[in-house]
Structure formats: structure tokens, C-alpha cells
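The values are calculated or read from the model by the stated rules, or taken from the named source; none is laboratory data. Source: prediction; values computed, not measured. A quick note on method: Cβ atoms are made from the backbone with ideal geometry, for glycine too, and the neighbour counts reach across all protein chains shown. Surface areas here come from the heavy atoms of the whole protein model, side chains and all, with no ligands, DNA or RNA. Shrake-Rupley method; radii C 1.70, N 1.55, O 1.52, S 1.80 Å.
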Amino acid sequence: MPVLLGLYIIAYLDRVNVSFAQDSLEADLGFSGAVYGFGAGVFFIAYFLFEVPSNLALHKFGARKWIARIMLTWGLISACMVFVQGPLSFYAIRFLLGVAEAGFFPGMILYLSLWFPSRERARAVGFFMSAIAISYAIGAPLSAGIMSLFDGVWGLKDWQWLFVLEAIPAVLASGFVLFHLTDRPAEAKWLAADEKRWLVDRLEAEEETRLTRERHSIGDALKDRRVLAFGLLYFCMVVNVYGISFWIGEIVDKIDGVGGVGKGFVVAIPYATAIVGLVLLSRRSDRTGERKLHTAIPLAIAAVAFATSTIVSPVAAIAALAVGLFFLLGAHPVFWSMPAALLSGSAAAAGIALINSIGNLGGFAGPYLVGLMKDATGSTDAGLLVLAAILAFGSFLATRVAHDPALERPPKPRTRFVRPEVEAKPVPASTA
């Protein structure tokens, strides 16, 4: 899990570091809000087009090989941002970055479903997805520091150094993944034999339970209305994640007396708060076994918080965004536990990828929508209100999606496994 967390921090930082370079790109290249918003979001158009085939390739070739390929190509393409000279080159490289990274996140969700039983999966996904918040919490001040220290070195602009230096970890990590990641529990040399048997039997028993209820082909998964409903719900969530993420710097700019590095630390505050939400909400959902309300209620609270951020002072707006991101990001792992429990095999690979593809269109729509609103009104407030309304609809939709709690009840294990810390101790002869 720490390895997967590190990989997603690297991935997410390479995806959103353009938000930290926004001011410099607009100043050096003359980008308008709409140009920046379109370039930030076009990444997700490519992601949408190539997500399903990429995830099917991961299912076929294994996580180790395919994730290593993804990381190598996205690292190299991210570094190519140094060559951006205008809107067209900006759009092209952001699109290619989406092609390279397509399949990474749904591949990770699929990968976690091969290792964690259903009842423990939300906590695992929550730990993994805390990388979103961590990448902003550390990425904002780190990026601000890079841009401050390296501006003008060797004739390169601050934003050029940002993309070059933050691409290096992805390239290096691809080699680590190729040689050290384990595809399935049965291949894990670091698990004891009895632990391995217990985990494999538990996962196979859950798979058999799903198959006795319904069998899905890839085509069935892609046409399933339940999958499409999950995709629409995820769109409502993602449009807010990226609509906020790519424009939060603009909101922080309203606070007087905050410099470049200080701005990075202020941006980090809401995302540091969100880490707590990712952990607490997923743990509570796993403990109770309830999924729908643990998604719907947090989304409703987040919608109110985002709307509130538009009518209060800039400092209070940051606090409102912190509350909103606590609940919005906290609902993500709970959400993903539902479709992961519904599908199996290659259908799971296709279905999860389709849900993420539809949802990530929100990654295009959110930044572009806020950019258009800013150009039209001179403020991000109107865009944030629209995002809040979309999230409120998502809260309602979360109560209507398909979920069968019986699919997440632990089946009777076929192999007895007693953890060392709870093994019965022999009774001394004198006591007997």
C-alpha cells in the first residue's frame, strides 16, 4: 500500500501541477482563463478515449508491466511541457499526457480488488486515494519552491523547471514497479504460506458468490445501466474535484499579503484536511457495511460548503473549501467499493474503466466551465455555484445507484487462518 500511495502521489502531481504554473503560463504565454481551462481539461478527453482499452490491457498483461509502461510514458511526456510555446502546443501535450496516463487509476482500483476482500476494500481505496490530498498538501509548497528557486536558471522559465523536475520521479518509479510489484496474492513471496492460502481462498469465495448471482461479459458491463449510473454519479464528483483543484490558486489570490510560497501553503490546507476525511469516512463505511448514505450525505455537505465559499470572506472561503474537500474526497473510496463489488473478471476491468472514463469527463468540464465563467464575470464564484449544483444532483443520484450489501458479506473461508496475535495459548499444567 505505501508503494501504491507513492505512485499515485507522483501521478496526480504530474496531472495537476499545471494548476501551480497557471499564473506563469498566463503571464509568459498570454493564456486566457478559457485557454488555460481547456488545456487543463483536454487531458481528460484523452483519458476518456483510451481508458477502457488501457485497463483491459492491464488485466491481460498484469499490473506490474502495464503500470510501469504507463509511468514511463507519462513521465517523458510531462517533461515535454517545457517545449510549450502557445495554446496549440499546450493542448497537444496535455492531450498526449492523458493518452499516456489512461488506465492508471482504474487499473489501481482493479488491482486493489485482487488483493483486498470487499469488506476491507473501502479502507484500502481510501488509503490509496489519500494521495490526491497529499499531492496537493506537499505539491503546492514544493512546486512554489521549485518555481521560486529555479526561475531563470540555464535560461528556463520557472514553469519549465517545474514540469521537468516533477517528471523525473515517474520515470524512476517505472523501473521500481517493473521489478518489484507483485501482480496477485498467489505470487507474493513476502506472504507466509498460510496467509497466502487464506487470502486467496477468501477472494475466490467472493468471486464465486458474484458469479452465482450474475455473470458479466465485457459487452454486458459496457451496456449495463447500473454501470452508466455509476459513471454519471462519478462525473458529478469529479467535475467538482478538478473544478476546485485547477482554480483554487485563483481563490487564494484574493487573500491579501500572500506571496508565491505562502500561497502554496495556503492551498495545502484544504487538502491536508481532506486526508482525514478519506481515512475516517472509508473506515466508518467498512465498519457499518453501509455504502449509499456514506456517499450521498458527504456529497450533500460538500455541495453546501462549496456554495458557501462564494459568499464569505477569502479566508473563510478556504475554510469552507476545506470542509467541502473533507467530505467530497472522503466519499470517493466508499463510492468505488460499490462497482468493484458488483463486477468480476474482465467485466470488472471494462466496467471500472468505463465508470472512470465517464467520470473523468468532469475533469475536462470542471476547469473549462469555471474558466468560461471567470472570463464572462471576472470571478470564479459563478462557476463554483454551478459545480455545487451538479454535486447536489450527485448526492441524490448516490441514493439510487445499485448496491447489494450481501455481495460484501464475508463468505465462509475455505482455509482456516488464525492470526498469530490471537492464537490460543496453552494452559500451564499447574493451572489445569
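General remarks:
- Among the residues of the range 98-120, the one identified as over 30 Å from T209 (Cβ atoms) and surrounded by fewer than 24 Cβ atoms within 10 Å (Cβ to Cβ) is V99.
- A Cβ distance below 8 Å, combined with a sequence gap of six or more or placement on separate chains, defines the contacts here; from the range 155-167, residues that are closer than 15 Å to G139 by Cβ reach residues that are β-branched (V, I, T) and open to solvent by 40 Å² or more (accessible area, probe 1.4 Å) in the pairs W161/V153.
- Meets criteria (within 16 Å of the chain's Cα centre (by Cα) and open to solvent by 40 Å² or more (accessible area, probe 1.4 Å)) for F246: no
- Conditions (1) open to solvent by 10 Å² or more (accessible area, probe 1.4 Å); (2) in a helix (DSSP H, G or I); (3) among the aliphatic types (A, V, I, L, M); number of the one not met by V312: (2)
- Some residue of the range 357-376 being part of a helix (DSSP H, G or I), of a type in the set (S, T, Y) and modelled with pLDDT under 80: no
- For the range 1-32, filtering for residues that are part of a helix (DSSP H, G or I), farther than 30 Å from R64 by Cβ and open to solvent by less than 10 Å² (accessible area, probe 1.4 Å) leaves 2.
- I255 surrounded by 15 or more Cβ atoms within 10 Å (Cβ to Cβ), out of contact with any Leu (no Cβ under 7 Å at 6 or more places or on another chain) and at pLDDT 85 or above: no
- Among the candidates F128, F104, residue that is under 20 Å from T295 (Cα atoms) and in contact (Cβ under 8 Å) with a residue 40 or more places away in the chain: F128
- Residue among I275, I269, I297, I301 that is open to solvent by less than 50 Å² (accessible area, probe 1.4 Å), touching a residue at least 24 places away in the same chain (Cβ under 8 Å) and either assigned to a helix (DSSP H, G or I) or more than 20 Å from D23 (Cα to Cα) (or both): I275
- F327 vs. criteria over 18 Å from the mean Cα position of the chain (by Cα), farther than 21 Å from G98 by Cβ, at pLDDT 85 or above and aromatic (F, W, Y): no
- Among residues of the range 279-294, those that are under 17 Å from H332 (Cβ atoms) and open to solvent by less than 30 Å² (accessible area, probe 1.4 Å), counted: 6
- Scanning the range 371-396 for residues that are within 13 Å of F306 (Cα to Cα) and not acidic (D, E) yields T380, A382, G383, L384, L385, V386, L387, A388, A389, I390, L391, A392.
- The single condition among (1) on the phi < 0 side of the Ramachandran plot; (2) of a type outside the set (D, E); (3) in contact (Cβ under 8 Å) with a residue 12 or more places away in the chain that A316 does not meet is (3).
- When the range 31-57 is filtered for residues that are over 17 Å from the mean Cα position of the chain (by Cα) and over 18 Å from S78 (Cα atoms), the ones remaining, listed by number, are F31, S32, G33, A34, V35, L49, P53, L56, A57.
- When residues in the range 278-294 are screened for being outside any helix (DSSP H, G or I) and within 19 Å of the chain's Cα centre (by Cα), 1 of them pass.
- Complete set of residues in the range 86-139 that are among the β-branched types (V, I, T) and in contact with a Cys (Cβ under 9 Å, 6 or more places away or on another chain): I93
- Failed item, numbered, when S379 is tested on (1) modelled with pLDDT under 90; (2) part of a helix (DSSP H, G or I): (2)
- Matching residues, the range 41-90, being of a type in the set (K, R) and either crowded, with 23+ Cβ neighbours inside 10 Å or touching a residue at least 40 places away in the same chain (Cβ under 8 Å) (or both): R64, K65, R69
- Considering I134, I168, the condition of being in a helix (DSSP H, G or I), within 21 Å of the chain's Cα centre (by Cα), modelled with pLDDT under 90 and of a type in the set (A, V, I, L, M, F, W, C) is satisfied by I134 alone.
- Pairs where the first residue, in the range 379-397, is crowded, with 21+ Cβ neighbours inside 10 Å and the second is not in a helix (DSSP H, G or I), C-beta under 7 Å, 6+ apart: T380/W247; L384/S309; L384/T310
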